[in-house]
Amino acid sequence: MTFITQVYEQLKTANIVSSGEDFSVRFLKRSPKYYSAIKAQGRDARIELLVELRSNLSTTREQLEQVVDMNLIGARYKNWADIETFVQKEIRARVLIN
């Protein structure tokens, strides 16, 4: 399983995204079919996309925190920060390898 698929699965399990299309548009900032295309090709995301993903996860979470009491919907988003950390660790690992 590619790293980007692991991230998608975590977001889906946490009910943060509803589909690959949702993930592509909201967090990858790409066309609705982008995630399904790279998954079908067996490719993983480049580090630039992971950096953008990490930023989009953080920005979206921070925006939600401004308008929603996270304690009321905490169960749905309890893993959000953990997923951000998961992506950040992968970015660091890839930078150290290169």
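Taking R0 as 41 Å, what FRET efficiency do you get between V95 and L64 from their Cβ-Cβ distance, rounded to the nearest 0.05?
Efficiency for this residue pair is about 0.90.
Please give every one of the aspartates and glutamates within straight-line cross-link reach of K89, meaning a C-alpha to C-alpha distance under 18 Å, and leave out same-chain neighbours fewer than 8 residues apart.
E9, D44, E48, E52
Enumerate the lysines that K33 could reach by cross-link, defined here as Cα to Cα under 21 Å, with residues fewer than 8 away along the same chain left out.
Correct list for K33: K12.
With each run of n ≥ 4 DSSP H residues scored as -39500 (n - 2.57), what mean residue ellipticity at 222 nm is computed for the chain after dividing by its residue count and rounding to the nearest 500 deg cm²/dmol?
Helices in the chain give a 222 nm mean residue ellipticity of -21000 deg cm²/dmol.
Based solely on C-alpha atoms, express the radius of gyration and the Dmax of the chain in angstrom.
In Å, with Rg to one decimal and Dmax whole: 13.4, 42.
How do the peptides 48-59, 30-41 rank, highest first, by the average count of neighbouring beta carbon atoms within 10 Å per residue?
Result, highest mean Cβ count within 10 Å first: 48-59, 30-41.
Normalised by the residues of the range 4-81, what does the relative contact order come to in percent, with Cα pairs under 8 Å and at least six apart?
That works out to 32 percent.
Rule-based calculations on the coordinates, nothing more; no lab input. From a predicted model like this one, the values you see are computed outputs, not experimental measurements. Because the Cβ atoms are built from the backbone with ideal geometry, glycine has one as well, and the counts that use them run over all protein chains shown.
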